[in-house]
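What follows is one structure encoded as structure tokens, with my remarks underneath.
The values are calculated or read from the model by the stated rules, or taken from the named source; none is laboratory data. Computed from a predicted model, the values in this text were never measured in an experiment. Note: ideal-geometry Cβ built from the backbone for every residue, glycine included; neighbour counts use all protein chains shown.
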Amino acid sequence: MYYLYSIIAVLVLSLLGIRIVRPTHRGLIERLGKYHNFAYPGFHWIIPIIDRLYMVNVTEQMVDAEPQEIITNDNLNARVDAQVYFRVKSDEESVKGSIYNVNNYKSQIVNLARTTLRNIIGTLTLKSANSERGKINAELYKTLHNETQGWGIEIVRTELKEIDPPKDVQETMNKVVKAENEKIAAIDSATAAETVADGIKRAKIKEAEGFKQSKILHAEGEAEAIKLVNEAADKYFIGNAQLLRKLEALEVSLGVNAKIVIPTGTELVNIIGEMAGIVPLSKK
């Protein structure tokens, strides 16, 4: 009977000492309050009551720095919130550092992030704080990274969630932005209208120049035609036939022109005068 109780006691102790470490965790085994060994993922057995296993999550985690009111350099209250992403490194020394070198590393990261944000944003105006989010994130990351080196913590990234001014300041800022946008739109509209007007003006100038050039070319063509007819008449026609050919050319020209200039003392003048019943005066 004694042996049966002994076997049962051993079995119970064996079952109570079984520990399973998941791949997402690492373990620290302490014996009688002192660090004993490192527990990797898998099966482990500890001595009940004498040994104790502490589990540490080594996956990426996130903590919220919690919203807080920060006074900016231009004496405005801004509601600021940020998130910090981190993980405990999976090697033995880092896991030991997260347990033995800091008391509750999550809480410490939150407090450190809040203090750092106050120090950074307190030196900026509200406008510059909103426009320099990347710079604020970079400085926050740098500070947390340096301060958590001995905790076995790796800061993955920091995200500034919001920098909200008071409601009345926000409304004023919205009005200013709206006015600036309307001003830009008005300038763009005026520029577009000016461009269109300039295009129409240029088109009209081109059209007028084309019409003018067409008239010049047409007149030059007619003059050249009359010249060629006269030269042909002088060359191929004799006497009255010659004059008749010149008159035909003159008739065509008068049909499309308001006036034509004929040199005085030419035969055409005499013929036109006779046709009109005008007899030239005889010279004494």
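Before moving on, here are some points about what is shown:
- Condition broken by ASN137, with the remaining ones in (1) surrounded by 15 or more Cβ atoms within 10 Å (Cβ to Cβ); (2) more than 34 Å from the chain's Cα centre (by Cα) satisfied: (2)
- Taking every residue in the range 93-110 that is farther than 20 Å from ARG52 by Cβ and pairing it with any residue that is assigned to a helix (DSSP H, G or I), at least 6 positions away or on another chain, the pairs with Cβ-Cβ distances below 7 Å are ILE109/LEU144.
- Criterion applied to ASN103, ASN37 was being among the polar types (S, T, N, Q) and either closer than 30 Å to ASN137 by Cα or surrounded by fewer than 11 Cβ atoms within 10 Å (Cβ to Cβ) (or both), and the one residue passing it is ASN103.
- Of all the numbered requirements in (1) in contact with a Phe, Trp or Tyr (Cβ under 6 Å, 6 or more places away or on another chain); (2) at pLDDT below 75; (3) of a type outside the set (Lys, Arg), THR172 misses one, and that requirement is (1).
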